[in-house]
Structures are given as C-alpha cells and as structure tokens.
Amino acid sequence: MSAEKAKADRRRQARVQGAWNSGPARRSGGGVKQTNKVDGGDASSAQQKPQVPAANQEFVFDGSVSEVLAREAELASKPVTVDKDGDYELSIGRNDVKAVVQMRQKFLSDAENRRLLAELNRLPWQQRMGLDQGGQPYQEPRETCWFGRPYTYSHVKWEATDDSWPQVLLELKNRLADELGVEFNSVMCNRYRDGKDKIGWHADDEPSLGRHPVIASLSFGETRRFMLRRRDCRVQTLRPLIGDPITVPLQSGDLLVMRGSLQEDWLHSVPPEYHDKESRINLTFRVIEHSPNEQLCLRPGPEDNENKQVTLSARPGQMQAQLCCYRSLIVSNSGLVAEASAALDRLSWRSAGSCDVAQLDLAASQPQELSPLARLAVALATLTGNARLKVGAYARLAAVRLDHGSKHLPWREANFGDGGPCQTAETFVAVLALGDAKALAQRPLEIEKRLNSPAQGNLKSGQIFLRPGDAVTLLHGFGADWRYQLGRAGRAEPHEPAVFLFLTPDQRDIG
Ligand SMILES: O=C(O)CCC(=O)C(=O)O
C-alpha cells in the first residue's frame with residue numbers, strides 16, 4: 001500500500017472508529033454471573049466502569065474501515081431476542097464506552113414476588129399529563145409514581161420525596177445496593193394496567209442522571225416485551241456489536257441493568273400487546289446527581305488527579321451540553337507544564353481591552369517542532385480524544401492573560417466547531433490553565449445556562465477551579481445553551497498572572 005493511501009485510510013478510520021487503548025478491562029463486583037459473548041464481542045469488559053480517558057491512554061485505530069462497514073451492514077436489521085441470563089454488549093460509542101444490558105432472570109423468587117406485588121399495588125398510582133415533543137399535552141398511557149430526588153422528563157415534574165420512601169421500595173433499593181454496589185436515590189414506578197398500556201421510544205438521558213447512568217429495572221406481574229433500538233442519528237459514531245431491534249421478554253422477578261452508553265446511543269420502549277394482558281409493575285432505580293437550579297462547583301481536592309465528566313443540559317433529540325474537567329494531564333506532563341509556563345513571557349501579548357491575548361499558529365509546524373505551549377495543547381488534545389485536534393493543522397491555540405484584579409474575559413458563547421452526527425453544531429473548546437496557582441484559585445472558569453434556553457436539566461450555573469496544568473473541555477451542545485467567562489469571580493488582586501490556553505478546532509479568534 002502506498003504511503004499516501006495508508007495515510008488516507010488512517011484519516012477515514014479516524015472518522016469511523018477511533019478508540020481509546022485503555023489496557024486490560026477491569027471488573028467491578030456486579031451481580032450478573034454468566035457472560036454472553038455476542039457475535040465475538042469481548043464481553044469481559046461489560047462491567048467496566050465507563051470513564052473519562054486516563055492520562056496515559058493513547059488514541060489507536062483498530063481494524064480497517066471496510067471491515068467495520070461490512071460488519072455494520074451484516075448486523076443491521078437483524079432482530080435479536082435476549083432471553084437468557086448474562087451481560088450483553090450492544091455497541092461501542094464515543095470514547096470507546098460500551099452500551100451494556102445485564103439480564104438476571106428470577107432475581108426475586110416467586111414467593112417474594114407475590115408479596116411485593118401486593119404491596120406495590122398500594123403505591124399512590126396516578127395517570128399523569130405530559131407534553132409531547134410538539135408541546136401538545138397527552139395523558140400518559142400507564143400509571144406512575146416517583147420516589148427520591150426531584151426529577152423532570154417530558155415536562156412531567158416530580159417533587160422530592162427523600163424522607164418518605166414506602167418500606168417495600170426501601171427493601172428493594174437495599175437489595176439492589178447489595179447486589180450491584182450502587183446506592184440508588186430515586187425510583188420511577190410504572191404500572192401497565194393491561195396490554196394497551198405502554199411506554200413509547202425514549203431514553204433515560206436527562207442530564208440529572210449523568211452521562212452514563214446505571215439504571216436497574218425490576219419487573220412484577222405480567223410478562224411484557226422490553227424493546228431496544230439504536231438511535232438513528234448515532235450511525236456515524238456507533239459500532240454495533242449485536243443486531244437491532246432487541247426484544248427482552250421481562251418476566252415477574254427479572255432484573256435488567258442498563259449501563260454505559262446505553263441511554264446515549266439506544267432507545268427503549270414497552271409496546272402495546274395485541275392479546276389480553278394482566279397488569280404489570282416496573283420499577284427503574286436511578287441515581288439523580290443534581291437538584292433543580294443547582295450550581296456545579298468543581299474544586300480539586302489535595303492530590304486530586306481525577307478526570308470528571310458532567311452533563312449540563314439536554315434538548316430532546318440533540319447532543320447534550322457537556323463539560324469535562326481534566327486534572328490528570330500533569331501526571332505524565334509535569335515537565336512540559338513547567339516548560340510551557342516558562343514560555344508564556346515569550347508570547348507576543350496584545351491588549352484586548354479587559355484582558356491580554358496572544359495567538360499561536362499551530363498550522364505552521366509539525367508537532368515535534370512545536371513550542372512547549374503547543375506541545376502541551378497537543379497532549380491535551382490527545383487526552384481528550386479529539387482526533388481532529390491531534391493534527392495541529394486543524395486547531396487554533398490562543399492564550400488569555402489576566403494579570404490584575406480587574407482583568408477578565410467577559411461572558412462568551414462557545415459555538416465553535418462544525419456539524420456533528422445529528423447535524424447540530426458540536427462544540428469543542430478546551431481551556432488549559434497555566435501561570436500562578438494562587439491567581440488561578442481566585443479565577444475559576446464560570447459557566448451559566450443562557451437565559452431562555454429551552455434545554456432541560458437542573459444545573460443553571462457553575463464554577464470550575466483549575467490548578468496549573470488542569471483543563472476543561474466544553475463539549476457537544478454547550479455552545480447552544482451555555483456561556484462562559486473568566487476572572488469575574490475573584491475579588492483579590494493577584495500580582496502574578498493567571499493564563500488560560502484556548503484550543504479550538506477552527507480558525508476563530510478568542511481575543
Ligand atoms: O416498563 C419497563 O420495563 C420500562 C420502563 C421505562 O422505560 C422507564 O421507566 O423509563
């Protein structure tokens with residue numbers, strides 16, 4: 001193969017299937033014992049905790065594009081029935097996170113089930129009104145109730161009931177904590193009165209659940225078909241490992257656990273039945289991370305090198321607004337951070353009113369010839385897994401310096417970037433902190449949901465405190481619904497400058 005062709009192939013592979021080489025998969029102590037390999041997929045990592053990539057991971061390409069496309073064509077429209085115990089890997093999505101369902105039949109014995117069903121029928125069931133995506137009111141075709149932290153979906157709002165869980169739900173919540181090691185704090189209860197009651201295609205992807213939630217579903221009473229299908233708009237970023245659609249007949253006492261990128265990349269439903277059916281109750285236990293109007297505050301603890309991903313808000317059918325805080329860059333790049341800090345004085349700073357700015361040209365050089373600042377940006381791009389930014393030719397690097405108490409970068413929008421897989425504007429802005437640690441501690445990156453934003457989610461604003469070498473990426477739908485500023489929060493007058501490097505995939509100026 002010619003060098004040119006090999007290069008072109010690699011570029012196409014980057015679009016189709018870049019992946020994080022994360023070393024051997026780790027197992028957590030989940031309760032599902034048997035593992036089902038699906039079409040050769042490596043099921044041993046099914047219980048791996050999905051994570052923000054760690055500092056020492058490398059972006060690699062595996063297999064050829066034609067193999068991937070052929071495999072996708074082979075799997076398309078091949079219905080699958082999941083009716084055995086096991087871990088099922090459905091697909092590999094962004095950052096190599098897998099969508100996984102774990103099936104545990106008869107998790108509850110028949111005798112237990114009969115007792116629990118009688119108690120569950122006494123919950124305060126109600127048929128509620130929701131709003132469809134066109135804003136039209138509709139009566140939900142089932143009965144529901146909610147226990148736990150406040151929660152909203154399709155404009156149905158549930159208040160907090162933290163202190164008043166019925167005994168039967170507490171018992172099941174504790175049972176699941178023992179089995180799965182997850183402390184659920186909320187539960188959605190659905191009662192399907194007969195075969196006509198149903199729940200339409202949806203995903204439990206509200207931002208308050210976090211990006212890759214673990215959701216445990218318990219079923220009681222009549223058997224109903226739980227269906228899964230891949231989201232259409234994810235075709236460019238998703239590698240399927242199993243056919244589609246998937247039918248899971250859920251019987252009384254069954255436990256189904258949804259994990260990883262399942263809510264991000266798949267939809268689920270319980271369709272109506274054409275034959276008579278008795279009533280069925282389903283409980284989905286969840287962890288709600290934020291309360292309404294909560295302010296996000298990310299402050300590093302001592303020796304904190306943990307990377308953290310936060311979902312800020314979501315609009316139906318569009319990419320979520322997300323933020324990633326990287327505190328691990330320093331681990332393998334401490335020398336580079338020191339070199340880059342020393343290089344700050346050599347930049348050609350100019351005043352841009354409220355702050356000083358400097359632009360760096362990444363397009364001109366190959367990575368090995370880049371200055372320490374640009375090499376640090378490349379290390380950050382590699383850590384964040386953005387294949388386009390790894391190639392210096394596409395990226396823009398700018399620096400903002402705040403060297404006085406009154407200096408600041410005023411509120412800005414972050415709608416850089418181009419169309420993503422759903423034809424929505426996909427944001428990618430990386431902000432890397434350098435300079436004086438004390439000055440940085442007084443200058444958090446502040447974010448705020450835009451006024452009148454229709455996006456759903458409990459978070460309204462946030463502050464992210466960065467140390468030299470820490471970084472934040474503003475991702476996906478951020479530009480549509482959020483804005484950010486620097487340097488307004490701190491009142492003190494630092495003498496040493498706080499410096500922020502901005503890395504974006506297009507040619508727009510920061511200053
Ligand atoms: O009834 C079921 O099995 C599914 C319930 C569900 O999809 C939900 O609560 O989001």
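Values quoted throughout were computed directly from the atomic coordinates according to the rules given, and no laboratory measurement underlies them. Since the structure is predicted, the reported quantities are computational estimates derived from the model, not experimental observations. Note that we place each Cβ from the backbone using ideal geometry, even for glycine, and neighbour counts take in every protein chain shown.
Observations, loosely collected:
Residue-wise test of (1) charged (D, E, K, R); (2) in contact with a Gly (Cβ under 8 Å, 6 or more places away or on another chain); (3) surrounded by fewer than 17 Cβ atoms within 10 Å (Cβ to Cβ).
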residue: ILE242; (1), (2), (3): no, yes, no
residue: LEU283; (1), (2), (3): no, no, no
residue: ARG286; (1), (2), (3): yes, yes, no
residue: SER332; (1), (2), (3): no, no, yes
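- Matching residues, the stretch 207-221, being surrounded by fewer than 23 Cβ atoms within 10 Å (Cβ to Cβ) and near the ligand (Cβ under 10 Å from one of its atoms): ILE215, SER217
- Positions within the stretch 173-197 being within 14 Å of the ligand (Cβ to nearest atom) and buried (at least 17 other Cβ atoms within 10 Å of the Cβ), in sequence order: PHE184, SER186, VAL187, MET188, CYS189, ASN190, ARG191, TYR192, GLY195, ASP197
- Any hit, the stretch 338-348, residues being touching a Lys or Arg at 6+ places or on another chain (Cβ under 7 Å) and not basic (Lys, Arg): no
- Against the conditions (1) aliphatic (A, V, I, L, M); (2) assigned to a strand (DSSP E or B); (3) within 14 Å of the ligand (Cβ to nearest atom), LEU296 satisfies every one except (3).
Matching residues to (1) under 26 Å from PRO271 (Cβ atoms); (2) assigned to a loop (DSSP other than H, G, I, E, B); (3) of a type in the set (S, T, N, Q):
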residue	(1), (2), (3)
TRP165	no, yes, no
ASN174	no, no, yes
MET188	yes, no, no
GLY200	yes, no, no
ASP204	yes, yes, no
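- Boolean, GLU273 is over 24 Å from the mean Cα position of the chain (by Cα), within 16 Å of the ligand (Cβ to nearest atom) and surrounded by fewer than 15 Cβ atoms within 10 Å (Cβ to Cβ): no
- Test for SER269: is it assigned to a loop (DSSP other than H, G, I, E, B) and under 30 Å from GLU119 (Cβ atoms): no
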